[in-house]
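The values are calculated or read from the model by the stated rules, or taken from the named source; none is laboratory data. Keep in mind that this is a model prediction, so the values were computed, not measured. With ideal geometry, Cβ positions are generated from the backbone for all residues, glycine too; neighbour counts draw on all protein chains shown.
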Amino acid sequence: METEVTIQENWTLVIRPQRAWWDLRLGELWRYRDLIFLFVWRDFVAYYKQTILGPLWYLIQPILTTVVFTVIFGNIAKLSTDGLPPFLFYLAGNTMWTYFSSCLTSTSNTFTGNAGLFGKVYFPRLAIPLSIVISNIISFGIRMLVFLGFLAYFMLAGADVKPNLWMLLLPTLLLIMAGLGLGLGIIISSLTTKYRDLQQLVSFGVQLLMYGTPVIYPLSSIEGTWRWVILANPMTPVVEAFRLGFLGTSAVSPIYLLYSTLFVFVVMLIGLLVFNRVENNFMDTV
C-alpha cells in the first residue's frame, strides 16, 4: 500500500477527463517543445516530399501568383498600385497574405486531421497548431527572400520605392499574423468536430477575406463606408504597414496595428478557451 502511495505521489502529470475552461496548461507546451519541433520538421519536409520540384514550390508559387495578379488586376482591370511597380505591389501583398492564410487553413483541421494520432497518445493538443504556425514561418522566410530579391532588382532599375525604418516592424507583423491565424484556426477546428460543413467553407472564406484586404488594391483607392469596412479587417494594417516599410507607400498609419493587436488578443483568448473545452471530449464526436 505504501508503494502505491509513493508511486502516485511521483506522477508529474495527471490526465483527467474533465477540467475547467481556464485550465489551459500552457506550461506543458514548453515541456513538450522537442515534440513541437519534430512536428515542425515533419510539416516542412513531408509537405513536398513526393513532389518533383520539392521546396522549389516555395519560390514558384508566389512568383506565379504575382504574375497572374499583375496580368489580371494590373494590365486588364487597371487597378491602381499607388505609383508602385505592379509586380512588386502584388508580391508584397501576396507574401504577407500567404503566411496568414496558410496558418488559418492548416490549423482549422487540427482535430479532424489528427484524430488518429490524438486517440493513441497523450500530448498537449495545442502542439499541433502551434507547430504549423512555426513551420509556416520557414516558408515565409523563403518567400521573403524572393520578395527582397525582386525589391533589390526594382531599386537598381530605378523604381520609385523607398524602404525605410518601418521595416523593423516585420517581427511584430509576423506575430500578429501568427496569432490571428492560430486563434481563428483553432476556433474553426473546435467547431468542426460537430459541424463538418465549416471545414468546406474555410478555403472559400479565406479567398473572400483576401478581397476584403488590400492585397490586390491599395487602401487609398477605397473611399466612403467601404473604407471603414476594410479597415475593420485586422489584416489591413498589417499589409499596409509591410508596404510602408519596404516600399515606402501606405494609406494607413502604423498606429492601426494597435487595433490588430487587440483583435488578436481577443481572438486568441476565445480560441484557447474553446479549444481547451473541446479537447476534453472531442474523440466522442469527431
Members of region 105-153 found to be among the β-branched types (Val, Ile, Thr), crowded, with 21+ Cβ neighbours inside 10 Å and at pLDDT below 85, listed by number: THR110
Taking region 200-234 and keeping only residues that are hydroxyl-bearing (Ser, Thr, Tyr), modelled with pLDDT of 90 or more and out of contact with any helix residue (DSSP H, G or I) (no Cβ under 6 Å at 6 or more places or on another chain), one is left with TYR211, TYR217
Of all residues in region 219-249 being among the small types (Gly, Ala, Ser) and without any contact (Cβ under 8 Å) to a residue 12 or more places away in the chain, which is nearest to VAL67 (Cα to Cα)? ALA232
Is it true that THR249 is closer than 30 Å to VAL146 by Cα, more than 14 Å from the chain's Cα centre (by Cα) and of a type in the set (Val, Ile, Thr)? yes
PHE275: surrounded by fewer than 16 Cβ atoms within 10 Å (Cβ to Cβ) and more than 20 Å from MET167 (Cβ to Cβ), yes or no? no
Which of (1) touching a residue at least 24 places away in the same chain (Cβ under 8 Å); (2) in a helix (DSSP H, G or I) is the odd one out, the single condition ILE216 does not satisfy? (2)
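A quick yes/no check of all residues on (1) acidic (Asp, Glu); (2) surrounded by fewer than 20 Cβ atoms within 10 Å (Cβ to Cβ); (3) on the phi < 0 side of the Ramachandran plot:
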| site | (1), (2), (3) |
| --- | --- |
| GLN199 | no, yes, yes |
| GLU223 | yes, yes, yes |
| MET235 | no, no, yes |
| PHE242 | no, no, yes |
| THR249 | no, yes, yes |
| TYR259 | no, yes, yes |
| LEU262 | no, yes, yes |
| GLY271 | no, no, yes |
Need the failing condition index for PRO214 against (1) under 19 Å from ALA92 (Cβ atoms); (2) under 16 Å from the mean Cα position of the chain (by Cα), just the number. (2)
Given the structure, is PRO124 assigned to a loop (DSSP other than H, G, I, E, B) and either in contact with a helix residue (DSSP H, G or I) (Cβ under 9 Å, 6 or more places away or on another chain) or among the acidic types (Asp, Glu) (or both)? yes
